[in-house]
Amino acid sequence: MTTLRPTTRLVRGAALAAGVALTVSACALGDSSSSSGDSAEGGTAADAADLSGVSYAVGGKEFDEQLVLCEIGVATLEAAQADVSNSCNIQGTVATRQALEEGEIDLYWEYTGTGWITHLGETTPIPDEEEQYTAVAEGDLAENDIRWLDYAPLNNTYAIASNQEIADQYGVENLTQLAELAASDPDAASICVENEFANRDDGLPSMVETYGAEFPNTPNLATGAIYQAIAEADPCNYGEVFTTDGRIAALDLVLLEDDQSAFPNYNPAITISEEKYMENEGIADVFAPVSEALTTEAITELNRRVSEDGEPAAAVARDWLTTEGFIGG
């Protein structure tokens, strides 16, 4: 049975709003063709439903996990005999969501926390992941005609990390203690962030509000550069990370406990326009077992292969789908 997930409407500053106009454009989307060579076929995805005669433009955001998820979506639909175009690597959450709303893409993997806070405009996360999913799915379908298919058990939430030396030096184990350090020694509590985390309601603003503290020293870096910056404690002692990123273990980073729950659950699910979903509801059956298999452990390893080993996201995605039997070898 297919369940639904929620989304949220983002309230942002002028700078971020301006970014939408710049990023939602033809150049913001992928090349509209599969980046993975031969089309996938066979496997249990082909047995779940026949999607032949339906075309899907699959989108995704620009960071490694989203590239992997996007390519998983492309290959799964190909195996189910759909006509698929690839628009992976869209720059940012706002641009990707707008591409879906405006019909430039038909579907992409979105996270429940992002849906709740960013797209539906809620301010208080729901701690239970199933309740969070149901709320966002029902809300997004009712308000925006966007349907959420089954969600994956992986939870790619935000976290703040340091290297082991910094952890030992300052003894900071959770975000309450980091807020106290920021009040007494702002430079010691420096946090590297990327632009989206710094501006979105479920990122740094939520952390500031929840922990009642300002973090005045927040160097802005590209997402990928933050991990190395944390490892070297230069130019920051702490930094924003994604909990399923393979570089956390590879660089021996230490995660701080979000002891007052500033960050929501971020379980991904396929979001698809209701009009496109109704063309063949079998798409829910195609993706249900794929979503179920996407555990935190599974996606962390796939992310590591892309981030650390430098393997192409499409190859990593298809290798996993083949190993799991979702597509033919």
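Does at least one position in region 299-307 carry a residue that is within 19 Å of the chain's Cα centre (by Cα), free of Cβ contacts under 8 Å to residues at least 12 places away in the same chain and assigned to a helix (DSSP H, G or I)? No. Within region 214-235, the set of residues being touching a helix residue (DSSP H, G or I) at 6+ places or on another chain (Cβ under 8 Å) and either within 11 Å of A262 (Cβ to Cβ) or charged (D, E, K, R) (or both) comprises just one member, E214.
Of all the criteria given as (1) in a loop (DSSP other than H, G, I, E, B); (2) surrounded by 19 or more Cβ atoms within 10 Å (Cβ to Cβ); (3) not aliphatic (A, V, I, L, M), the one not satisfied by P216 is (2).
Every condition in (1) open to solvent by 30 Å² or more (accessible area, probe 1.4 Å); (2) in contact (Cβ under 8 Å) with a residue 24 or more places away in the chain; (3) not hydroxyl-bearing (S, T, Y) holds for E240 except the one numbered (1). Within region 266-285, does at least one residue satisfy the condition of being hydrophobic (A, V, I, L, M, F, W, C), over 25 Å from E110 (Cβ atoms) and either part of a loop (DSSP other than H, G, I, E, B) or open to solvent by less than 40 Å² (accessible area, probe 1.4 Å) (or both)? Scanning region 266-285 turns up no residue that is hydrophobic (A, V, I, L, M, F, W, C), over 25 Å from E110 (Cβ atoms) and either part of a loop (DSSP other than H, G, I, E, B) or open to solvent by less than 40 Å² (accessible area, probe 1.4 Å) (or both).
Would region 310-325 turn up any residue that is in a loop (DSSP other than H, G, I, E, B), over 22 Å from K61 (Cα atoms) and in contact with a Gly (Cβ under 8 Å, 6 or more places away or on another chain)? Lay out the reasoning, then the answer.
So the first thing to find is which residues in region 310-325 are in a loop (DSSP other than H, G, I, E, B), and the list is 310-312, 324-325.
Okay, now just the ones that are also over 22 Å from K61 (Cα atoms), so 324-325.
After this cut, where a residue has to be in contact with a Gly (Cβ under 8 Å, 6 or more places away or on another chain) as well, the list is 325.
For region 310-325, residues in a loop (DSSP other than H, G, I, E, B), over 22 Å from K61 (Cα atoms) and in contact with a Gly (Cβ under 8 Å, 6 or more places away or on another chain): present.
Look at region 43-59: where a residue is over 27 Å from R97 (Cα atoms) and in a helix (DSSP H, G or I) and a partner is open to solvent by 60 Å² or more (accessible area, probe 1.4 Å) and not β-branched (V, I, T), sitting 6+ places away or on another chain with Cβ atoms under 6 Å, you get A48/D285.
Given the residues R247, R318, which is the only one that is open to solvent by less than 40 Å² (accessible area, probe 1.4 Å) and under 19 Å from V193 (Cα atoms)? Don't jump to the end; show me each part of the working.
Numbers: R318 fails: under 19 Å from V193 (Cα atoms).
None of the others qualify; the one that does is R247.
Of all residues in region 168-195, those that are of a type in the set (D, E, K, R) have Cβ atoms under 6 Å from Cβ atoms of residues that are at pLDDT below 95, 6 or more apart or on another chain, in E194/T223. When region 131-181 is filtered for residues that are within 30 Å of Y108 (Cβ to Cβ), in a helix (DSSP H, G or I), touching a strand residue (DSSP E or B) at 6+ places or on another chain (Cβ under 8 Å) and of a type in the set (V, I, T), only V136 remains. Note on region 182-198: among residues that are open to solvent by 60 Å² or more (accessible area, probe 1.4 Å) and in contact with a helix residue (DSSP H, G or I) (Cβ under 9 Å, 6 or more places away or on another chain), the one that is nearest to I126 (Cα to Cα) is N195. Filtered by the rule that a residue be crowded, with 24+ Cβ neighbours inside 10 Å and among the charged types (D, E, K, R), region 103-130 gives D106, E110. If the condition is being open to solvent by 20 Å² or more (accessible area, probe 1.4 Å) and either among the aromatic types (F, W, Y) or under 27 Å from E194 (Cα atoms) (or both), then region 131-156 contributes Y151, P153, N155.
So is L294 surrounded by 20 or more Cβ atoms within 10 Å (Cβ to Cβ), in contact (Cβ under 8 Å) with a residue 60 or more places away in the chain and over 10 Å from V68 (Cβ atoms) or not? Spelling it out, it is not the case that L294 is surrounded by 20 or more Cβ atoms within 10 Å (Cβ to Cβ), in contact (Cβ under 8 Å) with a residue 60 or more places away in the chain and over 10 Å from V68 (Cβ atoms).
Against the criterion of being at pLDDT below 95 and among the hydrophobic types (A, V, I, L, M, F, W, C), I126 qualifies. Only one entry of V241, V193 meets the criterion of being under 21 Å from K61 (Cα atoms) and in contact with a Cys (Cβ under 9 Å, 6 or more places away or on another chain), and that entry is V193.
The values are calculated or read from the model by the stated rules, or taken from the named source; none is laboratory data. The structure displayed is predicted, hence computed values, not measured ones. Positions of Cβ are generated from backbone atoms using ideal geometry, with glycine treated the same way; all protein chains shown enter the neighbour counts. In case anyone asks, the SASA skips ligands and DNA or RNA and just uses the protein heavy atoms, side chains included. Shrake-Rupley method; radii C 1.70, N 1.55, O 1.52, S 1.80 Å.
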